[in-house]
There are 4 protein chains.
Amino acid sequence: MIAVLKQGATKQQRDSLCEWFKNMGLEVHISEGKYKTIIGLIGDTSKVDIELLESLSIIESVKRISEPFKNANRKFHTEDSVVDVGGVKIGGGNFAIIAGPCSVETREQVMAVAKAVKASGAKLLRGGAFKPRTSPYDFQGLKADGIELLLEAKRETGLPIVSEIMNINDIELFRDVDLIQVGARNMQNFDLLKALGKTDKPILLKRGLANNLKELLMSAEYIMAGGNERVILCERGIRTFETYTRNTLDLSAVPMLHELTHLPVIVDPSHATGISRLVESMSLAAAASGADGVMIEVHNDPERALCDGAQSLTPEQFDRVAKRVMKVREALS
Amino acid sequence: MIAVLKQGATKQQRDSLCEWFKNMGLEVHISEGKYKTIIGLIGDTSKVDIELLESLSIIESVKRISEPFKNANRKFHTEDSVVDVGGVKIGGGNFAIIAGPCSVETREQVMAVAKAVKASGAKLLRGGAFKPRTSPYDFQGLKADGIELLLEAKRETGLPIVSEIMNINDIELFRDVDLIQVGARNMQNFDLLKALGKTDKPILLKRGLANNLKELLMSAEYIMAGGNERVILCERGIRTFETYTRNTLDLSAVPMLHELTHLPVIVDPSHATGISRLVESMSLAAAASGADGVMIEVHNDPERALCDGAQSLTPEQFDRVAKRVMKVREALS
Amino acid sequence: MIAVLKQGATKQQRDSLCEWFKNMGLEVHISEGKYKTIIGLIGDTSKVDIELLESLSIIESVKRISEPFKNANRKFHTEDSVVDVGGVKIGGGNFAIIAGPCSVETREQVMAVAKAVKASGAKLLRGGAFKPRTSPYDFQGLKADGIELLLEAKRETGLPIVSEIMNINDIELFRDVDLIQVGARNMQNFDLLKALGKTDKPILLKRGLANNLKELLMSAEYIMAGGNERVILCERGIRTFETYTRNTLDLSAVPMLHELTHLPVIVDPSHATGISRLVESMSLAAAASGADGVMIEVHNDPERALCDGAQSLTPEQFDRVAKRVMKVREALS
Amino acid sequence: MIAVLKQGATKQQRDSLCEWFKNMGLEVHISEGKYKTIIGLIGDTSKVDIELLESLSIIESVKRISEPFKNANRKFHTEDSVVDVGGVKIGGGNFAIIAGPCSVETREQVMAVAKAVKASGAKLLRGGAFKPRTSPYDFQGLKADGIELLLEAKRETGLPIVSEIMNINDIELFRDVDLIQVGARNMQNFDLLKALGKTDKPILLKRGLANNLKELLMSAEYIMAGGNERVILCERGIRTFETYTRNTLDLSAVPMLHELTHLPVIVDPSHATGISRLVESMSLAAAASGADGVMIEVHNDPERALCDGAQSLTPEQFDRVAKRVMKVREALS
């Protein structure tokens, strides 16, 4: 960490600041120039509150050299983490296709989709029971009944299941869900993250629409700091000025995250684009970029999907995508 | 609402679609062209799920003409709403300066700041007891003890208090807080919004960093749909590519929101800019833009503020800002 | 095109508006509702000035149904365009790897890089002679001498060359350049586009940092309207709030553009990410997404590159990337 | 400037790097830690190419402490610059209202608007002769004839005139234009900036839609490096995800620019919002934020404006805005 002092700083102020740093166990190095004095801090600076430092009157600016996420940081854990989700491994060379309907609607729908996606090679079944919707007047999900239907489909097909949690009070309802999803809108719902950090469940953490990679990793850190290290990250598009697609899929996040962290990284091309016609090409691109998995919406009757139908594939379309994704994986192995 | 049909749509598909619209109580108008058929829908379309419509195979695109927020909509409630917060009116020509520390830290701090800002003309006291911080290692607030200290300051000064809620399970703790703030990161924590819609408390709803005005109004709608119409909106900066300021204050949101909704709109220049030196000019600009209030961070010792010190004013600086804000208000009255 | 009239519009105003539309050769369809009147316009609306319409006092809003780019539009030209660049075909199934140094620096450098990238499978040589730099104090390129060196390398290797033009007065200098690049900062330099539309040169049009796909296509339209239909589009990253990468590569632009236009679309992963370590994964992703080519920066000595060294590959790294890109292409063919 | 070395850097590499810095006349300060070595550079670093440095293999990261714009920098020129435009002073406490039509259309229009805005207090007349339009099929301006009409209006009213240049070859046409505007799309048309730097004309430099403040100042630096120091900056909205307004007016740019540079800063609320109903409130906010002027579109018949009519005020509306803007100025003086 580097702190630049303002021109007017007195020697006494500087000394008392350095004393404070030393008391935090940091090594202090001073470069004194004609116009500026620069203080280099070396040691564990992850717990230094950078905003507090910046607010001091003698400080002109502060810059971290190391990233403030410790548990998620690749530097302190060079091996890829492999997360086991109900027997399916994700990360460290293990690639998983996750598929299923946006919303769980009926037993028939879930069963039909689950069997179809399993046959095409999906390793996990996704399905929304609690649905975050922008409008209070839109369909909000089957809730507990939706979880029940997913569990039935799991018993029938053997596919571990993934579903989104929205409320800290619902954790108990998710006890048999194999991978608990934190949606983009809750990526900084810190109390929910802390509570999930106390569970022993794998967590699928989606990047928020306006959150940078550092914030995504800090949110993973909230979960990991509680003791739960089984976190999978998910890029699902960020909000930009472009309106042809619902969001802008930031695929460079995949190699960048792989550099910054040991956690697995998957991609959700369905929510990222919001357009089913773009899902195939973005799934292939995700696989080529080095992602550890893709999560794709599949509906047996997209015409009548209660939500997000515009971005769902039919089972037939999904079958083609899954096969082509695997071809890309093989070509690059 | 307008729906454009795809070229291949058959007459039968079209008729069955129109039937469905009529069953929802909508008037249907058809314009048939050589290449396109356009269906105009007139009536209460606020409960039509636009994504469902878009997913139908015969639909090319759908466009709302009326906004889907009903309770918050200026069209159905042309008078400005005035929200009474512990005796202080906000909106409809009533302007309020809200001030106080980012975080509640000690009794001495809260009391000193409360008295100072009251003397300078603040009408409400703000203070954070629960703090949403990007890093799990940063100070997270005094929590329940912080609320207690704010209540003491209220008893001492008579200023109604504002504080941020982060957890749906803390609502009871906020029973004596006059204005409950929903922070930017929780703007789409829909379960929290629904729960607040069941209370009789005024709610200060901050715009999310990547949320557009429609989404802000839809979140207000979540609260209002539950029966609580006492919502105050707050512009506090959005996330853009510009990095000189922490966020980009979107002041045109003020007149735009006043056109779209009858709810009061205030501005938080401290969080928007993240730089105390810019707070004065942005407070003046907010007042000139027609905002119904400003919320300003004030700390008696910014050098040692536990969080966000870089954006806090001293009581002396705040006094100057408050006086100049009132001059702008008078000049334009 | 759809126009929604304001509530107060009189029958006379409406009639005169409809008359005006009919005089433009458009079919007019009116849907009259209790609260709104909607006018549907069918025919060639590409030349209607939408801002003019929106400014009329009786108009509430206007929406185009068809896109206003006519020459570039896939609807009116369903076959993929194939652009021939000095004998190398791009588009319609023809994939081209373009490679070379960011800046042309010395004869030795250009020759060494040209030979190396040719050996690895590159079909065109890129090199900057005129360099747009944010700072007036940074290296601005070898200019005419740089073009000369590129032409020498072309004579030596047979690779057609690509270079960026910045000034309308330099077109004559580019008479032997096979593909003239318009950089992101000049995407809306309309006078330059018009002038290039009068030439018979293939044009590589890069998307601006804050330009959406429609604007990119309208800029292509500027060139095509002048008679030059040989335009290749290039996605090279857009500006977002994310700062880990220099820009955010918007790969979903590739399939989206292929849907909207018949023009070839290539991707520049070097400028998009600004980080050489990310170029391989983003090149592979671009190929998998269906791009018609990739343009990659290669330098024989990135340590001493006069500009943008941080994003250049060594010839060895490029060789690996080129081979793997072709593997992805084969796997998906 | 600070450079952080990578862990593996050898002593020899470090010494040769330090030698290189010293040869550039910089003072070099080294802080050696267990994990990192930090080099502080003091002196005139404005001409160091930061990308070149970052590309060296032994460098982990580089950070500027001083801004790389030298002529525009407030640090080296602490007094506000006052730019004289045909006798009208702008900056350093001198506030100017600039007004006129988006496009020059007819003699009658220009004369009528010029007289009206002068009567209401405008100090300069604006008018577009060359119009940058997204579509090649939209009206492109009266060009040289438009300049002639503006000059006539100047002779008639005495108001100095402002008009936008788009082509480096048109500079001679602008010889009698008092303030030459560089539009947002040309903010990084570096050849145009250099050419304008050779003239003795005041330049109004508009911020690009996706350009940060540093880039705006670097573009000013392009003009100033050529010897022309008479630059006025203009904030006119940036591109964000919000679509209710055409762009997002970034008013915090006003105080931030005043801190960074001595150049005058004005605001264009018409282009920023694209909605005439928002122009009054944003003009007032701009004045309150400390801007040195506002530039407002006024049309005598907005119903028939050939472009951008949606954002133009009538002369009556402008009269009210101008009077209220001056009230804000007085209240804060």
GNM of chain C, Cα pairs under 10 angstrom: of C:L151, C:L213, C:L173, the biggest fluctuation goes to C:L173
Any idea what the A:R107 label distances to the other copies are, label 7 Å down the Cα→Cβ vector, nm, shortest first?
6.3, 8.3, 8.6
Put a point 7 Å out from Cα along the line to Cβ at B:T78; what are the distances to that point in the other copies, in nm, shortest first?
5.2, 5.7, 7.3
Return the sequence-ordered ³J(HN,Hα) values of the stretch D:107-120 in whole Hz as given by the Karplus equation 6.51 cos²θ - 1.76 cosθ + 1.60 applied to θ = phi - 60°, using x for Gly and Pro.
4, 4, 4, 5, 4, 4, 5, 4, 5, 5, 6, 4, 4, 8
Roughly how many whole Å is it from the C-alpha centroid of the stretch B:107-179 to that of the stretch C:143-197?
62 Å
Shortest-first distances to equivalent copies, position D:D200, nm, label 7 Å out along Cβ
4.7, 7.6, 8.4
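Under Stokes-Einstein, with the Kirkwood radius over Cα pairs standing in for Rh, what whole-number D in µm²/s applies to the stretch B:2-63 at 4 °C and 1.567 mPa s?
Values: Rh = 11.7 Å.
Here the translational diffusion coefficient equals 111 µm²/s.
Looking at the protein assembly as shown, what % of its DSSP beta bridges pair antiparallel, to the nearest 5? The partial results should precede the final answer.
Values: 82 of 186 bridges.
Bridges in the protein assembly as shown are about 45 percent antiparallel.
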Please average, across the residues of D:286-299, the number of beta carbons from any other chain that are within 10 Å of each residue's own beta carbon, and give a whole number.
3
Using θ = phi - 60° and Karplus 6.51 cos²θ - 1.76 cosθ + 1.60, couplings along the stretch D:280-288 (whole Hz; Gly, Pro as x):
4, 5, 6, 5, 5, 5, 4, 4, 5
Folded to 0 to 90 degrees: helix A:213-225 orientation relative to chain A principal axis, Cα
90 degrees
Give me the inter-chain shielding for D:142-153: mean count of other chain Cβ atoms within 10 Å, whole number please.
0
Can you sort A:M256, D:M282 so the residue with the fewest Cβ neighbours within 10 Å comes first?
A:M256, D:M282
Treating cross-link reach as a plain straight distance, find the aspartates and glutamates whose alpha-carbon is under 12 Å from the alpha-carbon of D:K323, omitting any fewer than eight places away in the same chain.
D:E280
Give the angle, between 0 and 90 degrees and rounded to the nearest 10, that separates the Cα long axis of helix D:315-332 from the longest principal axis of the Cα atoms of chain D.
50 degrees
Residues meeting the amide H criterion for A:L26 (H placed from the backbone, H to H distance under 5 Å, 5 or more places apart or on another chain) are none
Please find, in a Gaussian network model of chain C (springs between Cα atoms separated by less than 10 Å), the residue of C:I203, C:I50, C:I232 whose mean-square fluctuation is greatest.
C:I50
Straight-distance crosslink candidates among aspartates and glutamates, where the alpha carbon sits under 17 Å from C:K22 and sequence neighbours closer than 8 are dropped
B:E32, C:D44, C:D49
Residues of type lysines that B:K6 reaches as a straight line, Cα spacing below 17 Å, ignoring anything fewer than 8 places off in the same chain
B:K34, B:K36, B:K63, C:K63, C:K75
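What translational D, rounded to a whole number of µm²/s, comes out for chain A from Stokes-Einstein when the hydrodynamic radius is the Kirkwood one over Cα pairs, at 20 °C and 1.002 mPa s?
So the translational diffusion coefficient is about 100 µm²/s.
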What is the set of long-range amide H partners of C:L249 at a cut-off below 5 Å, with H atoms built 1.01 Å from backbone N?
A:S252, C:I238
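Need one value for C:276-284: mean number of C-beta atoms belonging to other chains within 10 Å of its residues' C-beta atoms. Write out the running numbers ahead of the final one.
Values: counts 1, 3, 9, 2, 4, 12, 8, 2, 10.
For this peptide, the per-residue mean of nearby foreign Cβ atoms is 6.
Within the stretch A:117-215, how many Lys pairs sit with Cα atoms under 15 Å apart, leaving out pairs fewer than 8 places apart on the same chain?
Values: A:K118/A:K154; A:K123/A:K154; A:K131/A:K143; A:K131/A:K206; A:K206/A:K214.
Taking the Cα cut-off of 15 Å, the pair count is 5.
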Amide H of C:Y244: which non-local residues (sequence gap of 5 or more, or other chain) have their own amide H closer than 5 Å, using H built in the peptide plane?
A:L213
Whole-Hz ³J(HN,Hα) for each residue in the stretch D:69-75, computed from phi via Karplus 6.51 cos²θ - 1.76 cosθ + 1.60 with θ = phi - 60°, x for glycine and proline: what do you get?
9, 9, 5, 8, 6, 4, 4
Between A:E27 and B:E27, what is the FRET efficiency for a Förster distance of 60 Å, r being their Cβ-Cβ separation, to the nearest 0.05?
0.20
How far, in whole Å, is the closest Cβ of chain B from the axis that maps B onto A, and which residue does it belong to?
B:A210, 1
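Rule-based calculations on the coordinates, nothing more; no lab input. Being a predicted model, the structure only gives us computed values, none of them experimental. Virtual Cβ from ideal backbone geometry, glycine too; neighbours counted across all protein chains shown.
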